[in-house]
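Heads up: the structure comes next, in structure tokens.
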Amino acid sequence: MHFNAKWITYETGDYKGIDAKYGNPAPYFRKKFTPKGAVKKAELLAAALGVYKIYVNGKEIANDYLSPGWVDYNKKIPFMRYDITPFLQGNNAIGVVLADGWAVGHIGSTTTFKRTSYSDQIQFCAQIVIEYENGEGDVVNTDDSWLATQGEIRRSDIYMGEIDIQKEKC
């Protein structure tokens, strides 16, 4: 099976350059999908320029934070693999919350503590590979059909902290 997923992004504010103290609100992505039969196995491959938290049908698919972790984005972009079989039901929705992470947010020493060291835009790429009990398969890729918006997280940076408007109301 070929990997045909596209990198997707969503602008949640004005461009923030290298010297900006904070980035823009976190983009949220969502895609509904319905398997065409009994699912034997479903895997998600995900990558980001930034960091992500992924949900299927409202449940976190992994107990990890700041995925996919730090790498030298000039050399590679890691794809993480998740078994999402237990999360699937008849009608499904995948949700993704992105944040600046190391690719877009602050990184460096005190003399070079700047934003956008690797990218000036948060991006996400994913592919869901579904294997059915009858041996057939299906794929759900990131593309222009994914819904996007901004949510409660107004600022999120590994070193500068996070501002969540829901928590501010408490």
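Starting from residues that are over 20 Å from LEU66 (Cα atoms) and open to solvent by 80 Å² or more (accessible area, probe 1.4 Å), keep the ones in segment 1-17 and report whichever is modelled with the lowest pLDDT.
MET1
Can you confirm whether segment 18-27 contains a residue that is under 15 Å from the mean Cα position of the chain (by Cα), more than 20 Å from TRP102 (Cβ to Cβ) and modelled with pLDDT under 95?
no
Looking at (1) open to solvent by 50 Å² or more (accessible area, probe 1.4 Å); (2) touching a His at 6+ places or on another chain (Cβ under 8 Å), which one does GLU162 not meet, given that it meets all the others?
Among (1) open to solvent by 50 Å² or more (accessible area, probe 1.4 Å); (2) touching a His at 6+ places or on another chain (Cβ under 8 Å), GLU162 violates only (2).
What are the residues in segment 22-59 that are surrounded by fewer than 12 Cβ atoms within 10 Å (Cβ to Cβ) and outside any loop (DSSP other than H, G, I, E, B), if any?
LYS59
Name the one entry in ILE94, ILE84, ILE130, ILE122 that is in contact with a helix residue (DSSP H, G or I) (Cβ under 6 Å, 6 or more places away or on another chain), within 24 Å of LYS32 (Cα to Cα) and at pLDDT 85 or above.
ILE122
Can you name every residue in segment 65-84 that is more than 12 Å from the chain's Cα centre (by Cα), surrounded by 15 or more Cβ atoms within 10 Å (Cβ to Cβ) and farther than 18 Å from ARG30 by Cβ?
The answer is TYR73, ILE77.
Against the condition basic (Lys, Arg) and within 24 Å of GLY161 (Cα to Cα), how does LYS75 come out, does it pass?
Here the answer is no, as LYS75 does not meet what is asked.
Can you find even one residue in segment 60-76 that is of a type in the set (A, V, I, L, M) and at positive phi?
To start, the set of residues in segment 60-76 that are of a type in the set (A, V, I, L, M) comprises 61-62, 66, 71.
Next, from what is left, pick out any that are at positive phi: 66.
Yes; the residues of segment 60-76 include at least one that is of a type in the set (A, V, I, L, M) and at positive phi.
The values are calculated or read from the model by the stated rules, or taken from the named source; none is laboratory data. Because the structure is a prediction, the values reported are computed rather than measured. Glycine also receives a Cβ, built like all others from the backbone with ideal geometry; neighbour counts cover every protein chain displayed. These accessible areas exclude ligands, DNA and RNA; they are computed on the full protein's heavy atoms, side chains included. Shrake-Rupley method; radii C 1.70, N 1.55, O 1.52, S 1.80 Å.
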